[in-house]
Amino acid sequence: MKIIFGLLLLICNLGYANDYPQRIISLSTTATEELYILGVEDRLVGCTIYCNRPKEAEKKEKVGTVMKQDLERVISLKPDLIIASGLSDPKQMEKLRTLGINIAYFSAPISFSQLCDDFIRLACLVGEEKKAKKMVDKAKKKVEKIRKKTRVLPKPKVFIQIGTEPLWTVPGETLQNDFIQFSGGINIAREAKTGQYSSEEVLVQNPDVIIIIEMGVLSDAEKKNWQRFPTLSAVKRNKLYIIDAYSFCSPTPLSFPETLEEMVKILK
């Protein structure tokens with residue numbers, strides 16, 4: 001991966017402007033938003049039905065979901081680059097590849113560092129590496145400034161709920177764990193092997209803060225569900241919060257510091 005990344009950066013530095021894709025289809029909500037951030041949204045000819053950030057992306061041609069696309073529609077848009085995610089159907093991607101369409105895969109980042117690297121890699125593909133590097137440098141400085149402040153603060157135990165039935169959380173090696181750690185908290189599920197967790201274990205770990213990722217009306221119901229356990233430290237301290245799913249689960253390097261600041265306020 002490092003070798004491929006290095007080669008992409010080399011191509012950018014050489015400046016082969018004519019080689020940059022002009023008709024892009026994005027199958028990733030984060031990549032779609034990042035293309036707008038990079039200022040190349042005019043080259044985005046299609047995206048998924050879930051790509052609605054920024055709001056202008058809603059007007060782009062829709063080619064299907066993150067996992068399944070209408071291949072005829074995709075082909076009709078004549079893309080010269082498809083940005084695929086870890087959720088993209090391998091068989092569909094292979095069919096498109098046999099047609100000579102270039103496909104770039106971006107797996108879900110497991111850290112803030114990888115999030116930044118992926119952003120620069122995407123920028124390299126579209127010829128905006130310098131712009132992306134400046135943005136990433138600025139974001140990293142903001143994050144480091146926040147981390148310096150939180151290192152000396154008390155470290156509350158935190159539980160993040162991102163799903164129910166079964167109960168689902170974020171283990172240690174995840175981008176979302178960085179939100180907890182960087183904001184000065186301790187993820188009670190950091191040692192979990194998978195995201196599946198149990199309410200019994202939450203009670204045993206007794207978190208000081210419980211954060212529920214926005215799930216519509218279910219979020220309020222889940223908040224009330226935790227309030228049934230008055231012995232929980234988070235309930236005693238009235239530290240039950242609901243936060244936006246997009247900002248927490250699909251951040252960009254630019255939005256990461258903003259969400260991190262929100263997390264710091266919650267953990268105080």
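Table for the structure above
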{"quantity": "Segments classed as helices (runs of 4 or more DSSP H), wholly inside segment 160-235, with at least 1 members that are open to solvent by less than 10 Å² (accessible area, probe 1.4 Å) and under 17 Å from PHE248 (Cα atoms)", "calculated": "175-182, 217-226"}
{"quantity": "Answer residue from segment 55-90, given it is of a type in the set (A, V, I, L, M) and open to solvent by 100 Å² or more (accessible area, probe 1.4 Å) and is farthest from SER250 (Cα to Cα) among those", "calculated": "MET67"}
{"quantity": "Count of segment 171-223 residues which are acidic (Asp, Glu), modelled with pLDDT of 95 or more and touching a strand residue (DSSP E or B) at 6+ places or on another chain (Cβ under 8 Å)", "calculated": "1"}
{"quantity": "Residue pairs meeting the criteria (Cβ under 7 Å; at least 6 apart or on separate chains; first at positive phi, in segment 124-148; second open to solvent by 30 Å² or more (accessible area, probe 1.4 Å) and assigned to a helix (DSSP H, G or I))", "calculated": "GLY127/ALA17"}
{"quantity": "Residues located in segment 91-115, provided they are part of a loop (DSSP other than H, G, I, E, B), closer than 17 Å to PRO171 by Cβ and open to solvent by 40 Å² or more (accessible area, probe 1.4 Å)", "calculated": "SER107, ALA108, ILE110"}
{"quantity": "Enumerated helices (runs of 4 or more DSSP H) restricted to segment 1-90, each holding at least 2 residues that are of a type in the set (Ser, Thr, Tyr) and modelled with pLDDT of 95 or more", "calculated": "29-37"}
{"quantity": "Flag if ALA104 is of a type in the set (Gly, Ala, Ser), out of contact with any strand residue (DSSP E or B) (no Cβ under 8 Å at 6 or more places or on another chain) and modelled with pLDDT of 95 or more", "calculated": "no"}
{"quantity": "Failed condition for ASP42, given (1) under 24 Å from GLY127 (Cα atoms); (2) in contact (Cβ under 8 Å) with a residue 12 or more places away in the chain", "calculated": "(2)"}
{"quantity": "Subset tally (residues that are touching a residue at least 12 places away in the same chain (Cβ under 8 Å), within 30 Å of ASN52 (Cβ to Cβ) and touching a helix residue (DSSP H, G or I) at 6+ places or on another chain (Cβ under 9 Å)) for segment 221-244", "calculated": "6"}
{"quantity": "Selection within segment 122-137 - open to solvent by 30 Å² or more (accessible area, probe 1.4 Å), assigned to a helix (DSSP H, G or I) and out of contact with any Pro (no Cβ under 8 Å at 6 or more places or on another chain)", "calculated": "LYS130, LYS131, LYS133, LYS134, ASP137"}
{"quantity": "VAL45 closer than 25 Å to GLN114 by Cβ and aliphatic (A, V, I, L, M)", "calculated": "no"}
{"quantity": "Of residues in segment 140-158 being charged (D, E, K, R) and assigned to a loop (DSSP other than H, G, I, E, B), the one least open to solvent (accessible area, probe 1.4 Å)", "calculated": "LYS155"}
{"quantity": "Every residue from segment 236-268 that is farther than 25 Å from GLU165 by Cα, at pLDDT 95 or above and open to solvent by 60 Å² or more (accessible area, probe 1.4 Å)", "calculated": "ARG237, LEU254, GLU258, GLU261, GLU262, LYS265"}
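The values are calculated or read from the model by the stated rules, or taken from the named source; none is laboratory data. Model, not experiment: these values are computed from the prediction. All Cβ positions, even for glycine, are placed from backbone atoms using ideal geometry, and neighbour counts span all protein chains on display. Surface accessibility is based on the protein's heavy atoms, side chains included, excluding ligands, DNA and RNA. Shrake-Rupley method; radii C 1.70, N 1.55, O 1.52, S 1.80 Å.
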